[in-house]
Amino acid sequence: MLEILVSVVVLFLNGTMGTIIFLRNRRSWTNRLFLLLALLINTYIIVNYISLNPPGGTLEEQLAWTRLVMFVTSFIGPTVFLLVDTFPREKIPTRSVILASVMSMGLISAALSMTDMIFSGIELRNGSVVPVPGPAILVFLVAFVGLFLVSFLALILKYRRSEGVEKAQLFYFLIGVIGTFSAMALTTVIPTVVFGYTGLVFLGPNMAVILLTCVAYAIAKHRFLDLKLLIFRTISFFALLATAAVIYVSTMLSIGSYLFGTDLTSSNILFFSLLSLAVGYSLPTVRRFVEHITAPLFFHNPYDERKLLKDITDVTTRTIDLDRLVGGVFRELFLQMRITSSYIALYEGGKDVWRKGFHFSDGKLDPRELYRQARKANKIDADKVVMFHELSDDSVREYFRKFDIEIILPLTIKREMFGVIALGPKASGEPYSSRDIDVLRIVAPELAVGVKNALAYEEIRNFNETLKKEVKTATAGLRNANRSLKELDARKDEFISIASHELRTPLTAIRNYLWLTLNQSNKPLDAATRTNLEICYHSAERMIMMVNDTLTISRIERNKLELETEKFNLVEFLESLCEEMRLQANEKEVHLTFTSTEPDIVVKGDSAKLREVFQNLLMNSFKFVPAGEGMVKVVLTKEQEYAVIRISDNGPGIPKDSQEKLFTKFGKVNFAYDKSGAKAGTGLGLYICKKIVDLHSGKISVQSSENKGATFIVQLPVHSARR
Amino acid sequence: MDAKKILVVEDETDLQSLYVTILTGAGYTVDTAPDGAVAYEKIKTGKYDLILLDIMMPEMDGIQVMEKLKAEGVADAKNLSVVLLTNLGQDTLVAKALSLGIRGYLVKSDYTPEQLLKEVKWYLSA
């Protein structure tokens, strides 16, 4: 009795563990193999028990059961091997040669078990039943013991190579194997061999429960809490079921024995209790299976709401393109809910934004009319759903019928409606069930959010495009403007050039004839005429100067002032320049001197332009020195890398506040207007000087204090052969 | 002493007569041409110690005259001494003329008769 009880408990544990593990992940081969192993071990325990206690008690019968034990056992080796090989992955490693050889080994051994090749017979020896080994016993040993050993070695190898969680899992597997063998040794080999006591032998096969427990724990290890809960729940459930089964079976058998005189033995109660336990345990699974098979026969639209909603969520969360989003959602509704047609219209502020129909019978559906009808049905606000078979208003019914609309769902966000979905009839022809409506109530707001996102995305994209276009247009406009400005500028330059040239021709005539009149007239001029003509002459001179300056400035502004550089001796250059200027100095009664501290200083520059600079500076000085006692000194020195030219006069000097803007355009000294009248220049001279000196990488500056004269300093880099 | 012969090529009559006055006053023999075409013919046939050539003129401008003279080898054969008389100042046209072998240029508006004579004297002596 104890033997049976222990076996029943073990069978139950093994079966439960196998089932739980299998149900946790049906697709995993580790779990499948585990279940197979559990079932094989259970079968082995049962068959082994029967073979030891044959119901008939004959030797032939015992031999048959023994062969059956061998048959079952033949599969355990290969299963263990595959489990070790696969564990803890979901797929069996694809090594067909190994797979085929292991499986054929099991099959051959199993097939041979049922013949007299493995056990040729059975005989009584010293009062105990002993099977006689046949010639093929070795095949069995290889298939069972050999594979077991190989598996064990493979397990150790795998354990050593593994890491992390997998290592921990394999560790439990190993513990299970070792534990099982130790327990078997403790219950069978050691008591029998050492003490000659066989009372515990029956426990041997049951020790496999240790292996299964350890492996089950290993498989579920990373979800341990989950497993604990599951086991707890299963045990409570089973205990309850077992109690109910025993009471139920006892009652039934009692009634049976009373009515039909059936035997009310304890073994009967046990057997039927187990039977009903098995039935009760498996019934929910069987029911689900039957339901699944028969659903298409009894229901027209068997679809899994969870799957449909999940698929739709997939579409709405992964699609940003409006077309594809709407198409995707409707596609799922077509395929799973089996609707036949659909229509969607979006609007904003009463205006059509977008619409699309799928298999819609009439493409001329006016969305405005649709909203109007929907509103007329007085239900379409917020999250209300309008269904054809609930409509009472005839005209609305008529409208729905015209377009074959079964149901209208609003698209709303924050209680603001911005579109509607109209759905046609279902393929089955039946009205939408409350289950369908519930699903649609979830789908509609989800689609609404998706559509809003898609619209926003599209808007941004359109905005980008518009922006790009506008930038392009603006750029083109600017380019055109720039081109015409350039043309205009070129024409202005041309105009200035021609105008200046044209102005200079008559000015040349005026100036020269005045000069001839003043200097080479045969008749002496009277004083007043002479003065008047002299004013005319100087004015003409000034005008020519202005024209020249204007031309130079125009060149400077166009960056067309280019230097024609050459190396020359600055000492000689200034000497000859002063010689030339002495003519005009004499005219103006100015004493002009030139001194140089060096015999020669070579510079590299545009001598014509530099001549302009110094002429300008000297002319300025001539203008401002006091009449009759004017003194202008030109001094050339060399200071470090620069040739420094100082032009000093004994004029009125330049006030500090005027010095700064002296070299800017039109930066004339203020008093020039009042005091020097006719002496006034264009105000461009010094600006031009500075520009030319800058082009030579030089510097120009002024030192002056009022009534103490002024000194203009020009610094030009000395040309050295090294550079 | 043989008076040096100078050709003044100038389309502006006022300026032409001005230069004639100045130069003859200084004792030079002066011939004139009112445009490039006439100037070209005169240079080809006559002999001048100095030619004062304007650039901007009708018919044929100073540059074209120089180009033609150079192309036909007249410029080299006669060893012409040409000075540009212009109001253009530093200009691409002047630069071009310089490359064609003229000796220099005088900006008309910048010179008084006295200065002009000094320049002419210098060119004739050099």
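A compact table of results
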quantity: The protein assembly as shown - share of DSSP beta bridges that are antiparallel (%, nearest 5); calculated: 70 percent
quantity: Global size of the range A:400-510 as Cα Rg and Dmax, reported in angstrom; calculated: 34.8, 113
quantity: Distance (nanometres) between label positions extended 7 Å along Cα→Cβ at A:Glu487 and A:Asp694; calculated: 3.1 nm
quantity: MRE, 222 nm, helices only [DSSP H, n ≥ 4, -39500 (n - 2.57), over chain A, to nearest 500]; calculated: -21000 deg cm²/dmol
quantity: Phi to ³J(HN,Hα) by Karplus 6.51 cos²θ - 1.76 cosθ + 1.60 over the range A:542-552, Hz, x for Gly, Pro; calculated: 4, 5, 4, 4, 4, 4, 4, 4, 4, 5, 5
quantity: Average beta-carbon neighbours from other chains, 10 Å sphere, peptide A:536-542; calculated: 1
quantity: Cβ neighbours within 10 Å from other chains - mean over B:110-120; calculated: 4
quantity: Cα point-scatterer Debye curve for the range B:5-125, base-10 log of I(q)/I(0) at q = 0.21, 0.23 Å⁻¹; calculated: -1.27, -1.57
quantity: Cα-based helix-to-principal-axis angle, A:685-695 vs chain A, degrees rounded to 10; calculated: 50 degrees
quantity: Contour minus Cα-Cα distance for A:Ala154 and A:Lys468 (0.36 nm per residue); calculated: 106.4 nm
quantity: In nm, spacing of pseudo-spin labels at A:Asn569 and A:Glu494 (7 Å Cα→C-beta vector); calculated: 4.7 nm
quantity: Alpha-carbon Rg/Rh ratio, for the range A:2-219, with Rh computed the Kirkwood way; calculated: 0.98
quantity: Additional length obtainable on full extension of the chain from B:Thr21 to B:Ala37, 0.36 nm per residue less Cα span; calculated: 3.4 nm
quantity: Spatial extent of the protein assembly as shown: Rg and Dmax, with the Cα atoms as the point set, Å; calculated: 60.4, 179
quantity: Shielding of A:546-552 by partner chains, average beta-carbon count, 10 Å; calculated: 2
quantity: Translational diffusion of the range A:562-717, µm² s⁻¹ [Kirkwood Rh, Cα pairs; Stokes-Einstein; 10 °C; 1.306 mPa s]; calculated: 101 µm²/s
quantity: ³J(HN,Hα), Karplus 6.51/-1.76/1.60, whole Hz, each residue of the range A:399-409, x for Gly, Pro; calculated: 4, 4, 5, 4, 9, 6, 9, 9, 8, 10, 10
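Every number in this text was worked out from the coordinates using simple rules, so none of it is lab data. All of these numbers come straight from a predicted model, not from anything done at the bench. Please note: Cβ atoms are built from the backbone with ideal geometry, for glycine as well, and neighbour counts cover all protein chains shown.
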